[in-house]
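Every number in this text was worked out from the coordinates using simple rules, so none of it is lab data. Predicted model, so just to flag it, every value in this text is computed and none were measured. All Cβ positions, glycine included, derive from the backbone under ideal geometry; neighbour counts span all protein chains shown.
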Amino acid sequence: MRRIVFDTTILISAFLRPGGLSDELFGLAADDAFALLLAEPIIAEARDKLLTSSRLRSRYAYNAAAVTSFCRALALLAEIVQDLPSLTGVVRDPDDDMIIACAIKGQADAIITRDKDLLSLRSYQGIAIITPETFRQQLRDRAE
């Protein structure tokens, strides 16, 4: 089974757009189409952005209880990778290093993201870094 890390952009998109592609990918993870890997710092970053971003809060109607519930569901759905290796300077944004660290420690096959800095790497230590659209197409191709 493929082992996949979702970055914060995918988590936030799934929360904000029920029925969208990121949400669809969560459904596929729940159906065991692949193993979803996350780390507590990734979930915490998504929670913090959802709770503190005035831009998101002004554009979307949600409350703190919904965010908390979503983050609890993530922790139940995903395999939580512990004891991430210390990794710095891989990506321009230092917050993205934890995504790479989670993928390395969790022996992931791919990282799914919309983050341009991560996508610019294309891969890291044999771990593909791709968009959700590319990943969905790969899943469809394997199902045929």
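Compute the relative contact order of the chain as a whole-number percentage, counting only Cα pairs closer than 8 Å that sit 6 or more residues apart in sequence. Before the final figure, lay out each step's value.
Details: 199 pairs, mean separation 42.0, N = 144.
Once divided by the residue count of the chain, the mean separation gives 29 percent.
Could you list Ile42, Ile130 in order of exposure, starting from the residue whose Cβ has the fewest other Cβ atoms within 10 Å? Numbers along the way, then the final one.
Working: Ile42 26, Ile130 19.
Going from sparsest to densest Cβ surroundings: Ile130, Ile42.
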### Message
Using helices alone, I'd like the mean residue ellipticity at 222 nm for the chain: each DSSP H run of four-plus residues gives -39500 (n - 2.57), total over residue count, nearest 500.
### Response
-16000 deg cm²/dmol
### Task
Find how many whole Å separate the alpha carbon centroid of region 105-144 from the alpha carbon centroid of region 1-79.
17 Å
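What's the exposure ranking of Ile12, Ile80, going from fewest to most Cβ atoms within 10 Å? Intermediate values should be presented prior to the final figure.
Values: Ile12 21, Ile80 16.
Ranking Ile12, Ile80 by Cβ neighbours within 10 Å, fewest first, gives Ile80, Ile12.
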### Query
What order do you get for Lys116, Lys49 when you list them from fewest to most C-beta neighbours inside 10 Å?
Lys116, Lys49
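Would you calculate the convex hull of the Cα atoms in the chain and tell me its volume per residue in Å³? Write down the numbers at each step before the final one.
On the way: hull volume 15.7 nm³, N = 144.
Per residue, the Cα convex hull of the chain comes to 109 Å³.
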#### Entry: Length added when fully stretched, Ile80-Ser123, from 0.36 nm per residue minus Cα-Cα
13.3 nm
#### Entry: Residues with amide H under 5 Å from that of Ala39, placed H, sequence gap 5 or more
Val81
